[in-house]
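The values are calculated or read from the model by the stated rules, or taken from the named source; none is laboratory data. It should be emphasised that the depicted structure is a prediction, and the values quoted were computed from it without experimental measurement. Quick reminder, even Gly has a Cβ in these numbers, built from the backbone with ideal geometry, and neighbours come from all protein chains shown. Accessible surface is based on the protein model in full, side chains and every heavy atom, while ligands, DNA and RNA are left aside. Shrake-Rupley method; radii C 1.70, N 1.55, O 1.52, S 1.80 Å.
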Amino acid sequence: MFQSLTTHQSVYQITGFDRLNFVSDIANAILQGEHCRIMGLSFEANGTLVNGRLTLQVSDERHLSLIDFQLRSVRGLVSVQQTN
């Protein structure tokens with residue numbers, strides 16, 4: 001279980017090609033458990049691209065490189081950038 005004193009919030013700006021299940025694939029790429037939890041997910045599509053924001057709560061900042069790798073494995077991803 002997460003404890004508020006030991007968690008960190010990480011926010012990612014994500015851009016990808018607009019396709020069926022893109023947002024679902026982003027959410028499913030994050031292995032949620034005791035070290036990571038999705039706190040927010042917001043995307044908008046314009047018919048060509050999808051732009052969004054993913055907010056995660058992580059218990060250990062060492063998992064951020066794994067999260068980055070997981071996100072980059074999503075088909076159609078154009079860019080992912082951690083903003084904090």
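At a glance:
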item	result
With every protein chain in place, the chain: carbon and sulfur % of accessible area (1.4 Å)	49 percent
Residue-averaged [θ]222 nm for the chain, counting only DSSP H segments that reach four residues, each worth -39500 (n - 2.57)	-5500 deg cm²/dmol
Burial ranking of peptide ranges 50-62, 71-83 (average Cβ count within 10 Å, highest at the top)	50-62, 71-83
Translational diffusion of segment 1-57, µm² s⁻¹ [Kirkwood Rh, Cα pairs; Stokes-Einstein; 10 °C; 1.306 mPa s]	130 µm²/s
Gln82 versus Ala45: modelled label distance in nm, points set 7 Å from Cα along the beta carbon direction	2.9 nm
Solvent-accessible area per residue for the chain (1.4 angstrom probe, square angstrom)	63 Å²
nm² value of the averaged projected area, convex hull over the Cα atoms of segment 36-84	3.7 nm²
Neighbour net charge for Ser10 - beta-carbon separation under 10 angstrom, K R +1, D E -1	-2
